[in-house]
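Step one of this worksheet: look at the structure below.
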Amino acid sequence: MRRLKGREALWTAAAVAVLGLACLAFGLLRCRSRRPSLSERCCVLITLDTCRADALGCYGSSMARTPNLDELAERGTLFERCLTPIPITLPAHCSLFTGKLPPEHGVRLNGRVLEEQAVTLAEIFSEAGIRTAAFVGSYACSSDFGLSQGFQVYDDPFLAGGEEEGGPVAERTCLDVNAAARRWISAQAEKPFFLWIHYFDPHAPHEAPLPYAAWFPDRLYDAEVAFVDKAVGQLLDAVVDKVGEKGLLVAVVGDHGEGLDDHNEKEHGHLLFDTTVRVPLILAGGDVPKGKRVAAQVRLVDLAPTVQEWLLDEVRLPSSGSSLRPLLPRNLLSRSGRGDAKGRSAYAETVWPYEKYGWSPGRRFSTQDWVLIMDPGPRLFHVESDPEQAADLSEERPEKTLELREALARAEREMTDSRTASAAGSAEGLKELGYVGMDRVGEGSAIPWTDDLPSPTDMIGVVRFERRGLAHKAGGRRERAREEFQRGLALDPTNLELLNELGLLHIEAGEYEQALPIFRRLDEAERDSCMGLINQGICLEALGDLEAARLAYARAVDKDPSSWRAWFNLSRLHLSLGDLDKAESALARARDRAPLGAPAIQDLERLIAEMESH
């Protein structure tokens, strides 16, 4: 073969390059021409509640049994570092569906309500003629709290039997979620649609069924993740069997992680380390590249614009996130399989430590390389060299600490609307899930971002004593429970939760005189809650001092007029004193504030009616 030399070789090389680019452009145009029309597209969004990224095999766990999620990652693109803006179920999902951060949409705790003026993905899709359906696994995401906005079908059968039939139904298994969802899927004759599936199983308490519990006898959290993985596979099989793979985008994401005793946090909500803030995120199908990984840091709020671009070819819902599509490594264009784009900075917060215990709320600002946590003081960690976030570099790197503190302050100023949503729903349903606090963060309340409150990172051991005490109490081991509560109070003498639990132990044992000073101490320590006064009234009633009890309940309703329990007890006390008019008046106020159908209210109504008839 003749060898090309000099200018002839250069011209030949240039021609080959031009031809290559032309072929590439032709290939891309053909790919675009084969892209399904809007009417052929659909999206299945699966949220894995309480799922750490490192609990999945595709994220590096050698012990995980997650073949379906691992296969999904192989068929799509995995984002190695996705961060939630808050490690709490309802607020995280509000961010996911509005594209807004918690200070913007206002839902910072479970049990709060997403305002009606908030615009959600489901509303945008419904207005565009896309069918929308949701099947959720926990009362934490019940329609009581506003997430159902825009969904034509919202399957949340919680409290369906009513609280009179043994208490609220707070959650259901992933298989029960699938059973309901598959009935809807089987009825879908055509696209487009948007389907949200919420699996709650990895949330505490960790109680996996067989055979998963047998696979992980000492790691029931991993067993529940394996259980959910099986459900993911079954659900996606049902979807593909019905509508095929063409035009189908699958997004799987965690709402937050789980402490699992890392940083001494067993569950989540108190601290802002990667254990509870970093979540899995996998996209597959649609036009997502296969077998790719994105190393750039992304955020939960980036999903809202991404899904809109697939289902609508545009972003109609303004958000604090940005589409993930520019970060997707393309088979022909990316220099590596992990993407080359720069990571996005991310804000996170939690006010649960303040709501529950009066400790400092926490804020976090993360870049691709650094994490700053303020709770209240600064803690600085380098992402690559310290993935476990064990070495605080804030004193060693003061210039970097200052830089990130200033970036955090700018991010907070840029948030468009800082407010706190009102509370709603069943307190019993939330209590069943462990989500009831002291109601410090009420509607319109200011969050105390100050330096004078205890750090939850330093105080987290108190939570362990509380959990042990509650377990002993549930098992009837009152003395053991008392010891655990007192050990917690030794570390945090003004802890209102522990004081209340200690006082309740005395009430259960009939030790009203011992309980009374504890509840007085509780009342003095808590400026906003009337819990201490209500329990004082209960003790005084038991000791026979009805007038003193009446005064305690009257002070309770003055202190917190929104407390239905305070009005209920005042009504009951008036009834005991024979004052039916005042009993009815107080009961009316209790009824207006209580959860719908509260059995205690109904019982008192019947009793008052009987007394009136006599």
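Please treat every number below as a calculation from the coordinates, not as lab data. All values derive from a computational prediction rather than experimental measurement. So basically every Cβ, Gly included, is an ideal-geometry build from the backbone, and we count neighbours across all protein chains shown.
Step by step: find N for region 49-200, compute 2.2 N^0.38 Å, then divide the Cα radius of gyration by it. What's the final number? Don't jump to the answer; show the numbers that get you there.
Numbers: Rg = 16.6 Å, N = 152, 2.2 N^0.38 = 14.8 Å.
Taking N as the residue count of region 49-200, the ratio is 1.12.
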>> With bins 10 Å wide starting at 0, give me the P(r) of region 536-614 over every alpha carbon pair, in whole percents.
In response: 21, 52, 26, 1
>> Just to be sure I understand the model, the point goes 7 Å from the Cα along the line to the Cβ. What's the resulting Arg593 to Ala128 distance in nm?
In response: 4.4
> Taking Cα centroids, how far is region 184-234 from region 446-481 in Å?
Replying inline: 30
> Which residues in region 364-403 have a backbone N closer than 14 Å to a point placed 7 Å from the Cα of Lys342 along the Cα-to-Cβ line?
Replying inline: 367-370
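Loop only per DSSP, at most 10 neighbouring Cβ atoms within 10 Å: give me the GluC sites (Glu not before Pro) in region 343-405, ordered by residue number. Walk me through the intermediate numbers first.
On the way: sites: Glu349, Glu355, Glu384, Glu388, Glu395, Glu396, Glu399, Glu403; in loops: Glu384, Glu388, Glu395, Glu396.
Sparse-neighbourhood loop GluC sites (Glu not before Pro): Glu384, Glu395, Glu396.
Sort region 37-127 into rounded, prolate or oblate with this rule: let a ≥ b ≥ c be the square roots of the eigenvalues of the Cα gyration tensor; rounded if a/c is under 1.5, and if a/c is not under 1.5, prolate when a/b is larger than b/c, oblate otherwise. Show your work: numbers first, answer last.
On the way: a/c = 2.89, a/b = 1.38, b/c = 2.09.
Verdict is oblate for region 37-127.
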>> Let's test the formula: R0 of 35 Å, r as the Cβ-Cβ distance of Asp386 and Glu309. What FRET efficiency results, to the nearest 0.05?
In response: 0.50
> How about region 514-608: which trypsin sites (Lys or Arg not before Pro) there are in a DSSP loop, with at most 14 other Cβ atoms within 10 Å of their Cβ?
Replying inline: Arg527
>> Take Leu402 and Ala548, extend 7 Å from each Cα along the Cα→Cβ direction, and tell me the distance between the two endpoints in nm.
In response: 5.9
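By how many nm would the segment from Arg467 to Asp54 grow when fully extended, if each residue of separation counts as 0.36 nm and the alpha-carbon distance is taken off? If you can, show how the numbers build up before the last one.
Details: separation 413, 0.36 × 413 = 148.68 nm, distance 2.51 nm.
Value of the extension gain: 146.2 nm.
Net charge within 12 Å of Asp229 by Cβ-Cβ distance, Lys/Arg positive one each and Asp/Glu negative one each, not counting Asp229 itself? All intermediate terms of the calculation are to be shown ahead of the outcome.
Values: positive: Arg65, Lys230; negative: Asp70, Glu71, Asp201, Asp222, Glu224.
Its environment carries a net charge of -3.
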> When only DSSP loop residues count, what GluC sites (Glu not before Pro) in region 180-225 have their Cβ near at most 14 other Cβ atoms within 10 Å?
Replying inline: Glu190, Glu207
> Along its principal axes, what span do the Cα atoms of region 460-539 show, with the longest given first and each in whole Å?
Replying inline: 28, 27, 16
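Between Asn264 and Asp287, take the C-beta separation as r, use R0 = 41 Å, and let me know the FRET efficiency to the nearest 0.05.
Details: r = 44 Å, r/R0 = 1.07.
Calculated value: 0.40.
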> By how many nm would the segment from Glu414 to Ala474 grow when fully extended, if each residue of separation counts as 0.36 nm and the alpha-carbon distance is taken off?
Replying inline: 17.0 nm
> Going by a ≥ b ≥ c, the root eigenvalues of the Cα gyration tensor, does region 231-340 fall in the rounded group (a/c under 1.5), the prolate group (a/b larger than b/c) or the oblate group?
Replying inline: prolate
> On average, how much area does the Cα convex hull of region 483-614 cover when viewed from any direction, in nm²?
Replying inline: 8.4
